[in-house]
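The values are calculated or read from the model by the stated rules, or taken from the named source; none is laboratory data. None of these values were measured; they are calculated from a predicted model. For neighbour counting, all protein chains shown are included, and Cβ atoms are generated from backbone atoms with ideal geometry for every residue, glycine included. For accessibility, only protein heavy atoms count, side chains too; no ligands or nucleic acids. Shrake-Rupley method; radii C 1.70, N 1.55, O 1.52, S 1.80 Å.
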Amino acid sequence: MRHQQPPHMDTSQGGGSTASGSQFNSCKGLDGLKLREAHSVSMDLGAADGLALGDEATERADAAKGVEDLNPTPFTPFHRDFTWPMFATMWTSVLLTPSSISVGAALLALGLNWWEATVAHFLGSVFTLVGLMLMAWPGVKYGIPFPVLARSSFGVHGAHFCTLTRGAVAVMWLSWNMWQGALGLYTGIGRAAGAQFLGWAPITGQNHLTVGQLLILIAFAGCHCLLIFLGVRKALRRLVRVAVVVQFGFLLGVLIWAWRLAPISDSLPSHKASGSAIAWLEAINSTTCVLSTLILNIADFSRFSPSQKDQMVGQSAGFPLQFTFVGWIGIVAAGASSLTLGQQMWLIPEYFAVWSAPLAILGCVALALSILVCNTFSNLISPMNDLLNLAPQKFNFRVCGYICVATAVGMCPWITFSSQNSFVQTFLSGYGMLTGSLAGICIIDFHVLRQGVLYMANLYPAGPVKACDGTVCNPEGRPATYRHGVNWRACVAVLAGCGPCLPGFVATLMHSHNLPQPLLNLYSVSFYFAFGASGLTIWVLTYVCPPVGFSRQGYAVTYSFDDGAMLPEPATDSLFARLVAKFAPRPLATPLIGH
């Protein structure tokens, strides 16, 4: 598609380089992006604005705090350094954690044998990978985090619901992982110190909470706060390389321990295949739900990726096989412990109670390090961005992190995760219907309705912000998209996706058996149902009750730098749009101010 250069655009900036053509290339974020060209454009634009972007030290310092704002991430080598090896390393470090092992073991409680649970685990990871790639696409192209991306689908004010609900789920996972880390340290130290330490100063009798557990939990939370204080992105880059090696060693140790308990062939549950389609669907759904928040979160990381190829290759290399392997280890460990010890262990801290004291100490330290890295990637940066999105001019990024950690400490995850069935059915399916609904709305809105094009001025209505290519988004301020800043269509779509699953959720919480079986079955596939129902609803409502600026050709876009628009080339740039670009009608050339 051919774009006309605005008549007022000065092409003489930057010592003779043509700004418009270079800016097209720097904004589109496609596979063929050349970082050196984008870096040259950023230097030219910076020089024109009186900014010292050509200074390497300045760019490095700016990139080091790049996660601390919601502005588009510039296309410079120091900002866009999340290449495919970093993506693969990130996913590996995130997946080698207690939740991944626990879900693999918990799937056995659904009546599946070992190979059924393994295949379901793999299928769920593949479906999750597709969602990750789709949600990462706008982050790479426009350099925006999820709270800003949500403004395009829900409106500037409606995005608060989207981000805060996502943040609440992430903080709940943060609480769960912190508690598992604290239990691991408590059990490992207790194995070395003796039974007197384990029984010291009980606080509650029913849940066996002791002063020692509480103090270790607070100390572990302090480690998270220290990481936030040192700078999340800078500290993680150094920590994750060490953590991956430690995590692999830890998993190998778990596998050797299980093999010493019983041969692997005997540990794997070999009962007859269940043959239940509902059990299969629930297992796949539970696998996806474990990481469904990361489907929403991924734009918070892909905004630092230099190309779509990097995010797609990196996630493919670091996600499905590792996730399946870790889940399989959980199945083996649960089977071996059940066969030899008479108890199916599905939580890692339980292992340390039967390990020797030296191994228990090493294991609990490795577990704590793994959880610290996983929490920072998966459950801290995203809710910190969500809180910052409430009042970007007033909140501090680090303070938002401290608030998230304090909230996580105030929760009681040992009550929520009381058994395998509670873990899989209540928690995972319970929040899966919400994250599935949000993911379906955002993916359909961006890739199908908007055809991969965002009008940046509507995403930053408060004032001027630098886009990823250095141009100014919304230089004079612009009203928010949709009337009153809320897209009512997205709100209805959330209800359409979550509403039918609520009866099953309530019945599971109340341990009621009076609900009709079809509603219980629907709740068992809550993520996928909510994804499809909400995506279909937002698509239908947008066509039946279109906002201003939308027609059957898609959302209108603008090609004026004065209006603060991005200049994508081609205009339809998404995974779906690339497949159907030659059949898609041409978008309009007017700005979108929707209702």
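For the reader, a short list of remarks on this structure follows.
- Residue in the stretch 44-55 that is touching a Gly at 6+ places or on another chain (Cβ under 7 Å), assigned to a helix (DSSP H, G or I) and modelled with pLDDT of 70 or more present: no
- Of all the listed residues (76, 89), the sole one being assigned to a loop (DSSP other than H, G, I, E, B) and at pLDDT 80 or above is 76.
- Filter result (open to solvent by less than 50 Å² (accessible area, probe 1.4 Å) and within 18 Å of residue 332 (Cβ to Cβ)) within the stretch 343-365: 345, 346, 347, 348, 349, 351, 352, 355, 363
- Some residue of the stretch 122-131 being buried (at least 21 other Cβ atoms within 10 Å of the Cβ), under 19 Å from the mean Cα position of the chain (by Cα) and within 28 Å of residue 387 (Cβ to Cβ): yes
- Matching option when the condition is modelled with pLDDT under 85, out of contact with any Pro (no Cβ under 8 Å at 6 or more places or on another chain) and part of a helix (DSSP H, G or I), among 278, 295, 284: 278
- Counted residues, the stretch 206-262 - those being closer than 20 Å to residue 174 by Cβ, over 30 Å from the mean Cα position of the chain (by Cα) and part of a helix (DSSP H, G or I): 0
- Helices (runs of 4 or more DSSP H) lying entirely in the stretch 94-195 (those with 3 or more residues that are in contact with a Phe, Trp or Tyr (Cβ under 9 Å, 6 or more places away or on another chain) and within 25 Å of residue 371 (Cα to Cα)): 98-106, 114-142, 159-193
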